[in-house]
Amino acid sequence: MSNIEQRLQQIEQNIQNACERSGRTRSDITVIAVTKEVSTERAIEVMNAGILDLGENRTEGLLAKQESIQKDAKWHFIGNVQSRKVRDLVNTIHCLHSLDRMSLAKEIQKRADQPIDCFVQVNVSGEETKSGVNPEELERFIEEIAAYDKIHVIGLMTMAPFTDDMEYIRTLFRQMKELRDKISVKQWEHAPCTQLSMGMSNDYEIAIEEGATHVRIGTALVGKESGETT
Ligand SMILES: *Cc1c(COP(=O)(O)O)cnc(C)c1O
């Protein structure tokens, strides 16, 4: 078995355990392999191991990998999007996890050939350095997006802060689920908002226990090629 297959097997076991602890179903969860720190070769390896959802956080990295990976990859864009890059990006991705401002929505509206599935990024920890919509402004933000018919809000996304305090991370994930539920009960046509993108290498099990539908796993799955750590 390859290194990646072994890691995936361990991650699958952890996901299964987290599902059992929280009464969830494995098939409700999508694992996104974050390939931003690894080569195209390794991205192909993870696809061969069965993960077809790939995450990139830079437009250049995404386009470079797309050139050599035509296969059934589904591309998730998880990074900050500069408005001037929207044109190159928006019609090549499966979904965008980082819709974080109205000016970006406006640019997507202008450049998208068809409606794009988006997660609205939420700054749930309130850290000043983090991007994302503030929780207090979220409802209005999503309501206003109804004006842009090229945007389909499928859920919310967050990045937990760098901390060892797992209980704090858990409370943030729990708040995200509450925010998600508050939007989804409105049954807005442009924003079903049923999905929750949260959890990375260090906290995906907690995220799943708290309701994540998409986990974004980089280092723990594909490693890191500049100075391998795991
Ligand atoms: C890099 C990155 C990840 C993956 O991080 P790991 O800790 O390597 O699993 C997930 N989400 C976003 C938004 C990222 O930028």
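For the subset of the range 166-189 comprising residues that are of a type in the set (Phe, Trp, Tyr) and closer than 23 Å to Ile142 by Cα, which member is farthest from the chain's Cα centre (by Cα)? Only one residue fits best here, namely Trp188.
Taking Ile44 as the residue in question, decide whether it is open to solvent by less than 60 Å² (accessible area, probe 1.4 Å) and either out of contact with any helix residue (DSSP H, G or I) (no Cβ under 9 Å at 6 or more places or on another chain) or touching a residue at least 24 places away in the same chain (Cβ under 8 Å) (or both). If you could, list the steps in order and put the result at the bottom.
Details: open to solvent by less than 60 Å² (accessible area, probe 1.4 Å): no; either out of contact with any helix residue (DSSP H, G or I) (no Cβ under 9 Å at 6 or more places or on another chain) or touching a residue at least 24 places away in the same chain (Cβ under 8 Å) (or both): yes.
So Ile44 does not fit the description; no.
Of the residues making up the range 21-62, those that are in contact with a Lys or Arg (Cβ under 8 Å, 6 or more places away or on another chain), within 13 Å of the ligand (Cβ to nearest atom) and of a type outside the set (Asp, Glu) are Ile32, Val34, Thr35, Lys36, Val38, Leu54, Gly55, Asn57, Arg58, Gly61.
The residue of the range 195-222 that is farthest from the chain's Cα centre (by Cα), among those that are over 13 Å from Ile15 (Cα atoms) and either at pLDDT below 95 or away from the ligand (no atom under 12 Å from the Cβ) (or both), is Gln195.
Being touching a strand residue (DSSP E or B) at 6+ places or on another chain (Cβ under 9 Å) and open to solvent by 30 Å² or more (accessible area, probe 1.4 Å) is the filter here, so list the residues in the range 8-41 that pass it.
Narrowing the range 8-41 to residues touching a strand residue (DSSP E or B) at 6+ places or on another chain (Cβ under 9 Å): 8, 11-12, 15, 29-36.
Within the range 8-41, Glu12, Thr30, Lys36 qualify.
Here the condition is being aliphatic (A, V, I, L, M), within 16 Å of the ligand (Cβ to nearest atom) and modelled with pLDDT of 95 or more; of Val133, Val185, it holds for Val133 alone. Flag set for Pro192, criterion: under 18 Å from the mean Cα position of the chain (by Cα) and more than 16 Å from the ligand (Cβ to nearest atom). Counting only residues that are polar (S, T, N, Q), more than 13 Å from the ligand (Cβ to nearest atom) and touching a residue at least 12 places away in the same chain (Cβ under 8 Å), the range 155-176 holds 1 of them.
Does Leu221 satisfy the condition of being open to solvent by less than 70 Å² (accessible area, probe 1.4 Å), on the phi < 0 side of the Ramachandran plot, touching a residue at least 60 places away in the same chain (Cβ under 8 Å) and of a type in the set (A, V, I, L, M, F, W, C)? Steps first, answer last, please.
Values: open to solvent by less than 70 Å² (accessible area, probe 1.4 Å): yes; on the phi < 0 side of the Ramachandran plot: yes; touching a residue at least 60 places away in the same chain (Cβ under 8 Å): yes; of a type in the set (A, V, I, L, M, F, W, C): yes.
Here the answer is yes, as Leu221 does meet what is asked.
The values are calculated or read from the model by the stated rules, or taken from the named source; none is laboratory data. As the structure is a computational prediction, the values presented were derived from the model and not from experiment. Because the Cβ atoms are built from the backbone with ideal geometry, glycine has one as well, and the counts that use them run over all protein chains shown. Only protein heavy atoms, including side chains, enter the accessible area calculation; ligands, DNA and RNA are left aside. Shrake-Rupley method; radii C 1.70, N 1.55, O 1.52, S 1.80 Å.
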